[in-house]
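Student: One structure, as structure tokens, below. Some questions next.
The values are calculated or read from the model by the stated rules, or taken from the named source; none is laboratory data. The structure presented is a predicted model; accordingly, all values stated were derived computationally and were not measured. With ideal geometry, Cβ positions are generated from the backbone for all residues, glycine too; neighbour counts draw on all protein chains shown. Heads up: the accessible areas ignore ligands, DNA and RNA and are worked out on the full protein's heavy atoms, side chains in. Shrake-Rupley method; radii C 1.70, N 1.55, O 1.52, S 1.80 Å.
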Amino acid sequence: MGALRISLTDRCNLRCQYCMPEEEYAWLPRRDLLTFEEIERITEIFVSVGVDKVRLTGGEPLLRRDLPDLV
């Protein structure tokens, strides 16, 4: 048994120390975020080796466009 945590985005408006520790934070370019296909493939690989819990996280994962399609 194991758990996998996948960060969907680095965008967040809360600015807490947990996900935004730097004063001046440079957002990742959208092209550098994992695609839904990449997230699905990585999840499949981890599940095949025993992961049984997957958490979709990020700065604020609900900011990720088309999130219901991934879920």
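Student: When you scan the stretch 49-66, how many residues do you find that are of a type in the set (Gly, Ala, Ser) and either within 12 Å of ILE6 (Cβ to Cβ) or open to solvent by 90 Å² or more (accessible area, probe 1.4 Å) (or both)?
Tutor: Residues in the stretch 49-66 being of a type in the set (Gly, Ala, Ser) and either within 12 Å of ILE6 (Cβ to Cβ) or open to solvent by 90 Å² or more (accessible area, probe 1.4 Å) (or both): 1 in total.
Student: Could you tell me whether the stretch 43-61 includes any residue that is among the small types (Gly, Ala, Ser) and assigned to a helix (DSSP H, G or I)?
Tutor: Yes: the stretch 43-61 contains one or more residues that are among the small types (Gly, Ala, Ser) and assigned to a helix (DSSP H, G or I).
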